[in-house]
Amino acid sequence: MYGMAIHGGAGALPRAEMSLEGEDKYRAGLSEAIDAGFGLLECGGSSLDAVTRAVMLLEDNPLFNAARGAVFTLEGRNELDAAIMDGETLRAGAVCGVTHIKNPVELARAVMDKSQYVMLVGAGAEEFASSQGFSLVPESYFHTPERWRQLERILAGDLGLSPLTISHIGTVGAVALDARGRLAAATSTGGMTGKRYQRVGDSPIIGAGTYADDRSCAVSATGHGEIFIRAAVAHDICARMRFGGRSIGAAVREVVLEELPALGGEGGVIAIDANAAIAIEFNSEGMFRASRVQGEEAKIAIYR
Ligand code: ASP
C-alpha cells in the first residue's frame, strides 16, 4: 500500500474573497503536485523522492508561500525555510533563512544526504549549496506583486484581512508512504508576512512543523509557527500514536483541535501512517490540500 498527501497552507483566503477562477488555479497547482509525487510512488519510487518532487513543484508555483511567491519580510526580502525527514532512519535535513536557493527543499535534502548536519542557516547554508553544485538565483526570482501588496497592506495596517490570515496563505508540505513501507515528510515556507529579526517558524524545525517516523506517521504542518514550535506539533502527533496507542485520526484531532486552540494556534496538518491511513485536520477557515492512496482517485479541497 502507498499513498501521499500535500498541503498548500492553512488559513486560505476567506471564502468571500476567493473567486472561482482563483480556486481553480490553486486546485490546478495542487493537482499537478500530487500527480507528480504519486506518479513516483506508482513506479516504485521512494517516499523521500515523492515528497521532494511534490514540494519542489509547489515551491515553483508563485501562488504558494514557498520559494517563488514567498511572503516578504518587513525589509522586503524573501527568507526561505525548509525541512525534510526520512521515517525509516530518522535522518533529517533543514535550511533556514536562505535567500538565493530556487528550491529550498532540495537543499534540505542535500543537508540530510550529503552533510553530517541537520540544520544549516543563511549564508552558511548557501555556501554549502554552492559546494554541492546548486546554482544560486537572484533575490528577484522569488518576488511576486501579489505578495508585495500583502506586505503593503500589513504596513498600512489594513485589517480587512488580519495579518494572520494574510500570512498563512501558502506554506507547502507533503507526506508519503511508499510501497516498501517507508514514510517521509517535507515542508517549505517563506514564513509570515512582515517577519523580522531573521525570525524562523516551525516549518524547518524537526518535530515542530515536520516529522516522520516509520513507527508512527509522517507529518507536515502549516499555521502560526510560534505556537506550533511551542506545541512540538509534528512530534506530538507521532508520540501520541507510538506511546499513547492513538489512531492517526485521533492523534491529529487532539493536537489540532485541542492542544493548538488552547494556545491560540491557528493552522493545520497533513499526516499519513504505515497503513496509508491519511489524516488531515485544520482549525482555520480552510487549508489547501490534496491526497491520494493506491487504488483511489486524488482528492483536492480548500474549504471544509
Ligand atoms: N508555519 C509557517 C511559519 O510560521 C507559516 C505557515 O504555515 O503559513 O513560518
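Kindly indicate whether any position in the range 246-259 is more than 24 Å from A33 (Cα to Cα), within 16 Å of the ligand (Cβ to nearest atom) and of a type outside the set (A, V, I, L, M). The answer is yes, given that some residue of the range 246-259 is more than 24 Å from A33 (Cα to Cα), within 16 Å of the ligand (Cβ to nearest atom) and of a type outside the set (A, V, I, L, M).
Looking at (1) surrounded by fewer than 18 Cβ atoms within 10 Å (Cβ to Cβ); (2) away from the ligand (no atom under 12 Å from the Cβ); (3) more than 20 Å from A92 (Cβ to Cβ), find the lone condition where R242 falls short. Looking at each condition in turn, R242 falls short on (3).
If we keep just the residues of the range 280-304 that are part of a strand (DSSP E or B) and without any contact (Cβ under 8 Å) to a residue 60 or more places away in the chain, which is nearest to the chain's Cα centre (by Cα)? For the range 280-304, the residue satisfying everything is E281. Just so you know, in the range 245-279 the residues that are out of contact with any helix residue (DSSP H, G or I) (no Cβ under 8 Å at 6 or more places or on another chain) and part of a loop (DSSP other than H, G, I, E, B) include one that is surrounded by the fewest Cβ atoms within 10 Å (Cβ to Cβ), and it is G245. Take I227 and decide whether it is under 17 Å from the mean Cα position of the chain (by Cα) and either within 14 Å of the ligand (Cβ to nearest atom) or surrounded by fewer than 24 Cβ atoms within 10 Å (Cβ to Cβ) (or both). Taking the combined requirement at face value, the residue satisfies it.
In the range 192-223, the qualifying residues are those that are in a strand (DSSP E or B) and of a type in the set (S, T, Y), and the one that is farthest from the ligand (Cβ to nearest atom) is Y211. When every residue of the range 94-103 is checked against the conditions, at least one turns out to be away from the ligand (no atom under 16 Å from the Cβ) and not in a loop (DSSP other than H, G, I, E, B). Being outside any helix (DSSP H, G or I) and either at pLDDT 95 or above or hydrophobic (A, V, I, L, M, F, W, C) (or both) is a description that does not apply to A129.
Looking at V111, V121, V95, V105, just one residue is on the phi < 0 side of the Ramachandran plot, in contact with a strand residue (DSSP E or B) (Cβ under 7 Å, 6 or more places away or on another chain) and surrounded by fewer than 24 Cβ atoms within 10 Å (Cβ to Cβ), and that residue is V121.
Scanning the range 270-304 for residues that are closer than 14 Å to G3 by Cα and polar (S, T, N, Q) gives N275, S291, Q294. Whether any residue in the range 54-71 is within 15 Å of the chain's Cα centre (by Cα), part of a helix (DSSP H, G or I) and surrounded by fewer than 23 Cβ atoms within 10 Å (Cβ to Cβ) is what I want to check. Among the residues of the range 54-71, at least one is within 15 Å of the chain's Cα centre (by Cα), part of a helix (DSSP H, G or I) and surrounded by fewer than 23 Cβ atoms within 10 Å (Cβ to Cβ), which makes the answer yes.
Please find, among R77, R15, the residue that is at pLDDT below 95, out of contact with any helix residue (DSSP H, G or I) (no Cβ under 6 Å at 6 or more places or on another chain) and of a type in the set (K, R).
The unique qualifying residue is R15.
In the condition set (1) modelled with pLDDT of 95 or more; (2) on the phi > 0 side of the Ramachandran plot; (3) within 14 Å of the ligand (Cβ to nearest atom), G170 is compliant with all but (1). Being over 16 Å from the mean Cα position of the chain (by Cα) and under 23 Å from A218 (Cα atoms), is that true of even one residue in the range 2-23? The answer is yes, given that some residue of the range 2-23 is over 16 Å from the mean Cα position of the chain (by Cα) and under 23 Å from A218 (Cα atoms).
Matching residues to (1) aliphatic (A, V, I, L, M); (2) farther than 25 Å from S216 by Cα; (3) touching a Lys or Arg at 6+ places or on another chain (Cβ under 7 Å):
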| site | (1), (2), (3) |
| --- | --- |
| F64 | no, yes, no |
| G69 | no, yes, yes |
| T73 | no, yes, yes |
| I84 | yes, no, yes |
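State whether the residues of the range 47-54 include one that is hydrophobic (A, V, I, L, M, F, W, C) and at pLDDT below 95.
Of the range 47-54, the ones hydrophobic (A, V, I, L, M, F, W, C) are 48, 50-51, 54.
Restricting the remaining residues to those that are at pLDDT below 95 gives none.
No, the conditions are met nowhere in the range 47-54.
The values are calculated or read from the model by the stated rules, or taken from the named source; none is laboratory data. In this text the structure is predicted, and so the values were computed from the model without any measurement. Every residue, glycine among them, receives a Cβ derived from its backbone with ideal geometry; neighbour counts consider all protein chains shown.
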